[in-house]
Amino acid sequence: MVSNVNFWYQMNGIYLFAAIAMAVTSCAGEAAARVSVLPTAGVWPDSEGRHVNAHGGNVIYADGAYYWYGEQRPERGFTVDAGVSCYKSDDLLNWKEIGTVMSVSHTPGDDIESGCIIERPKVVYNPKTGKYVMWFHLELKGKGYEAARAAVAVADSPEGPFRFVRSGRVNPGILPMNLSEEDASAPFDYDQEWWTPSWYKDIEKGMFTVRDRDGGQMSRDMTIFVDDDGKAYHIYSSEDNLTLNIAELDDSYTGHTGKYIRIFPAGHNEAPAMFRHGGKYWMIASGCTGWDPNEARLMTADSIMGDWKMLSNPCVGENADKTFGGQSNYVFRLPGEDDRFIAMFDVWNPESLANSRYIWLPVEFREDGTPFIPYRAEFDGK
Ligand code: GAL
């Protein structure tokens, strides 16, 4: 058996990397195994020694390799002048930059014109079409966070290029499955003060869903989840970030079917990351405090379009009430494993978003099946 053991050392605030390859001969002569120790919150150098610039994204396993997609952020400022970046690895630790796989446009007026904001890109593979589909949160150039759009791009290969398809609000003209026409026809008071009991009641009854019905629902922080039956879902913060929506995607994964639900109205949940384990759906999310960390939330349901229940903070240990300084982003199931998941968190640095850091931690499960995430300075990724 041959093991590559990679160690990270923290020194003066940065992580120094040393790879020690050990050849261990086992009597049984087992197949080659590889062990990675993943870093937390330090500089994560790619194969060229540059800090990985792939924030708010996700990891997939495709064609025998891992691909990490994310926001390619500038050293200074908040808008995007390149696009979505991609890195490739065979051990989840050592990443080679592939480059910008979804590029912004330089044509004035285009949805993804340079100077727009692209956040939380998520790539999934669609076995029916053989395409890689990327969804992301898009804000139009010069409009701050007003547009609140979901955007989609498609590629033939995990290495891109991803061709931009369209962007827009979600499911225009359609009410969610768990909001009745009767509730939606309530006389809402749009001028009332926020956070008052009557305002909560109106939000619960869908005041903002109805407000946005014709143009489609707002979509900011988002993720994509592909279920075991191959159906894909778009989960996003809607209604001015007050309410999460779970919307079914069509068979091509590039459009919505019109079936969607709202969960936790006025719950102020964002940064959703969904996974399935033990026959249940689990979702980690954050509160809404911008780039500042807050306490993570855990939600669960027996059916994805069913009733969702709020549980307590899944993070455990020092600084768990601030998600160890990070914000949830994605939960990635290790290929071929039913019980091993890695939760990806971003440690945002608004002074220099490119230098935001990452915390990746293994998800563990209590006896009753509830997931929890203890802090580890390093762990075996495989
Ligand atoms: C956070 C959100 C990030 C980004 C940021 C902008 O709440 O999770 O994705 O949108 O706000 O302030």
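The values are calculated or read from the model by the stated rules, or taken from the named source; none is laboratory data. Quantities reported herein were computed from a predicted structural model and do not represent experimental measurements. Here the Cβ is made from the backbone with ideal geometry for all residues, glycine too, and neighbour counts use every protein chain on show.
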Checklist entry - Can you spot a residue in region 261-268 that is of a type in the set (A, V, I, L, M, F, W, C), in a strand (DSSP E or B), out of contact with any Gly (no Cβ under 6 Å at 6 or more places or on another chain) and over 20 Å from Met134 (Cβ atoms)? => result yes
Checklist entry - Out of curiosity, is Asp90 of a type in the set (D, E, K, R), at pLDDT below 95 and surrounded by fewer than 17 Cβ atoms within 10 Å (Cβ to Cβ)? => result yes
Checklist entry - Looking at Gly109, Gly99, Gly83, which is the one that is away from the ligand (no atom under 16 Å from the Cβ), more than 20 Å from Asp221 (Cα to Cα) and in contact (Cβ under 8 Å) with a residue 12 or more places away in the chain? => result Gly99
Next on the checklist: Which count do you get for residues in region 198-231 that are within 14 Å of Val170 (Cβ to Cβ) and aliphatic (A, V, I, L, M)?
Outcome noted: 3
Checklist entry - What residue, among those in region 322-350 that are part of a loop (DSSP other than H, G, I, E, B) and away from the ligand (no atom under 13 Å from the Cβ), is surrounded by the fewest Cβ atoms within 10 Å (Cβ to Cβ)? => result Gly336
Checklist entry - Hey, among the residues in region 351-369 that are assigned to a loop (DSSP other than H, G, I, E, B) and surrounded by fewer than 21 Cβ atoms within 10 Å (Cβ to Cβ), which one's farthest from the ligand (Cβ to nearest atom)? => result Glu367
Item to check | Candidate set from region 126-167 (those that are hydroxyl-bearing (Ser, Thr, Tyr) and surrounded by 19 or more Cβ atoms within 10 Å (Cβ to Cβ)); member that is nearest to the ligand (Cβ to nearest atom) | outcome: Ser167
Item to check | Number of positions in region 216-242 that are in a loop (DSSP other than H, G, I, E, B) and under 15 Å from Leu138 (Cβ atoms) | outcome: 5
Checklist entry - Which one of Ala285, Ala271 is under 15 Å from the mean Cα position of the chain (by Cα), more than 15 Å from Ala301 (Cβ to Cβ) and outside any loop (DSSP other than H, G, I, E, B)? => result Ala271
Checklist entry - Take the residues of region 211-239 that are free of Cβ contacts under 8 Å to residues at least 60 places away in the same chain and within 16 Å of the ligand (Cβ to nearest atom): which is farthest from Met299 (Cα to Cα)? => result Glu239
